[in-house]
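What follows is one structure encoded as structure tokens, with my remarks underneath.
The values are calculated or read from the model by the stated rules, or taken from the named source; none is laboratory data. None of these values were measured; they are calculated from a predicted model. Here the Cβ positions follow ideal geometry from the backbone for every residue, glycine too, while neighbour counts run over all protein chains shown. What goes into the accessible areas is simple: the full protein's heavy atoms, side chains included, and nothing from ligands, DNA or RNA. Shrake-Rupley method; radii C 1.70, N 1.55, O 1.52, S 1.80 Å.
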Amino acid sequence: MKIAVLGTGAGGRAHAAKLLSLGHEVYVGTRDSQVTLGRTDPDFMGVEPFGQWLADYPGIELRSFGEAAAAADFVINGIDGANAVSVLEGIGKHLAGKTLMDYAVPYVYNPEQAHPWPTPWGVMPALDPVDHDSLGERIQRALPAAKVVKACVTQEQETVVDPRAVAGGDHTMFIAGEDADAKAEVTELLRSYGWQDVLDLGPLVSARGMEMYAHMHSAIQFALGGWPLRRQGDALITAAGAAPGAWHGTRRIRAGAPAAR
């Protein structure tokens, strides 16, 4: 299948690499491919420049957001929450009739708050929208001809593409959306990743709860030493001694139905 992954962060890279290994044609979308390839410094989370990463995956093509979406039969959205709706709306004609699996979280970075939540990298991002709406719903309203399925929000994307890395895969993936066929298509992809238990939460309004889980997810990671906590020379090191992005989870914490046997 021809699949577009929109976004060049660590999550998009995890999906792109896994999809390539499964034999799919993979197109990664970015705002400006030349600018993306021209970056030489790690991002604020310590992720290596995309061009360096791409050199290890010669089968993956980097294109603009619109070009990647136009070439694909199935699209995965990992564009940052603050820009996702405007970017996707701008390429809407290339998404019409297609399943759009959305794992983005509506983070607002560096928020001004009376009582900020300190983190190893600064301040915990705020969620906007939250409770009364969701990013997934906003994307669906902006793209009425696309079939949006919210998924992969309650795990690190490295774990999403390799569920057996935690407890042998004995945990649950949640999805939500309005189109039954699109949810079946997403479920099929997730099973190819190795997911045994995929729980359909129903309509896309359930994306509100899925996205709000992001802060709980971070709190669990802090408790388990899964975020960079200290510097060693120029490198950020976690409490467990792992580099950023390497953590898959050291303990199974299951929220939801038990995995089907």
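Out of Asp41, Asp32, Asp56, I need the residue that is of a type outside the set (Val, Ile, Thr), over 18 Å from Ile79 (Cα atoms) and at pLDDT 95 or above. Which one?
Values: Asp41 fails: at pLDDT 95 or above; Asp32 fails: over 18 Å from Ile79 (Cα atoms).
Going through Asp41, Asp32, Asp56 in turn, the sole match is Asp56.
Tell me the residue from Asp170, Asp162 that is modelled with pLDDT of 95 or more and of a type outside the set (Gly, Ala, Ser), please. Outline the logic, then answer.
Numbers: Asp170 fails: modelled with pLDDT of 95 or more.
Going through Asp170, Asp162 in turn, just one is modelled with pLDDT of 95 or more and of a type outside the set (Gly, Ala, Ser): Asp162.
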Those residues that are surrounded by fewer than 24 Cβ atoms within 10 Å (Cβ to Cβ), hydrophobic (A, V, I, L, M, F, W, C) and within 16 Å of Arg191 (Cα to Cα), I need them from segment 143-160; list them, please.
-> Val160
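Out of the residues in segment 161-208 that are hydroxyl-bearing (Ser, Thr, Tyr) and over 24 Å from Ser134 (Cα atoms), which is surrounded by the most Cβ atoms within 10 Å (Cβ to Cβ)? It would help to see each step written out before you state the result.
Our first condition is that a residue be hydroxyl-bearing (Ser, Thr, Tyr); within segment 161-208, this holds for 172, 187, 192-193, 206.
Restricting the remaining residues to those that are over 24 Å from Ser134 (Cα atoms) gives 192-193.
Working: Ser192: 15, Tyr193: 19.
Selected residue: Tyr193.
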Scanning for something surrounded by 13 or more Cβ atoms within 10 Å (Cβ to Cβ), in a loop (DSSP other than H, G, I, E, B), among the aromatic types (Phe, Trp, Tyr) and modelled with pLDDT of 50 or more, does segment 211-222 turn up at least one residue?
-> no
Close pairs from segment 16-42: first open to solvent by 80 Å² or more (accessible area, probe 1.4 Å), partner in a loop (DSSP other than H, G, I, E, B), Cβ under 7 Å, at least 6 apart | Arg39/Pro49; Thr40/Pro49; Asp41/Pro49
Name every residue in segment 120-141 that is surrounded by 17 or more Cβ atoms within 10 Å (Cβ to Cβ) and farther than 16 Å from Ala176 by Cβ, in order of residue number.
-> Met124, Pro125, Ala126, Leu127
Scanning segment 23-68 for residues that are of a type in the set (Phe, Trp, Tyr) and part of a loop (DSSP other than H, G, I, E, B), which turns out farthest from Ser192 (Cα to Cα)?
-> Phe44
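Which of the residues spanning segment 67-76 are of a type outside the set (A, V, I, L, M) and either out of contact with any strand residue (DSSP E or B) (no Cβ under 8 Å at 6 or more places or on another chain) or closer than 11 Å to Thr30 by Cα (or both)? Even if it seems obvious, please write down each step before you answer.
Within segment 67-76, the first condition is being of a type outside the set (A, V, I, L, M), and the residues that meet it are 67, 73-74.
Glu67, the sole residue that qualifies.
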Quick one: in segment 91-116, which of the residues that are free of Cβ contacts under 8 Å to residues at least 24 places away in the same chain and open to solvent by 40 Å² or more (accessible area, probe 1.4 Å) is nearest to the chain's Cα centre (by Cα)?
-> Asn110
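Whether any residue in segment 68-82 is open to solvent by less than 50 Å² (accessible area, probe 1.4 Å), touching a residue at least 40 places away in the same chain (Cβ under 8 Å) and out of contact with any Leu (no Cβ under 8 Å at 6 or more places or on another chain) is what I want to check.
Applying the first criterion (open to solvent by less than 50 Å² (accessible area, probe 1.4 Å)) to segment 68-82 yields 68-69, 71-72, 74-79, 81.
Then drop every residue that is not touching a residue at least 40 places away in the same chain (Cβ under 8 Å), which leaves 68-69, 71-72, 74-79, 81.
Restricting the remaining residues to those that are out of contact with any Leu (no Cβ under 8 Å at 6 or more places or on another chain) gives 71-72.
Yes, that holds for at least one residue.
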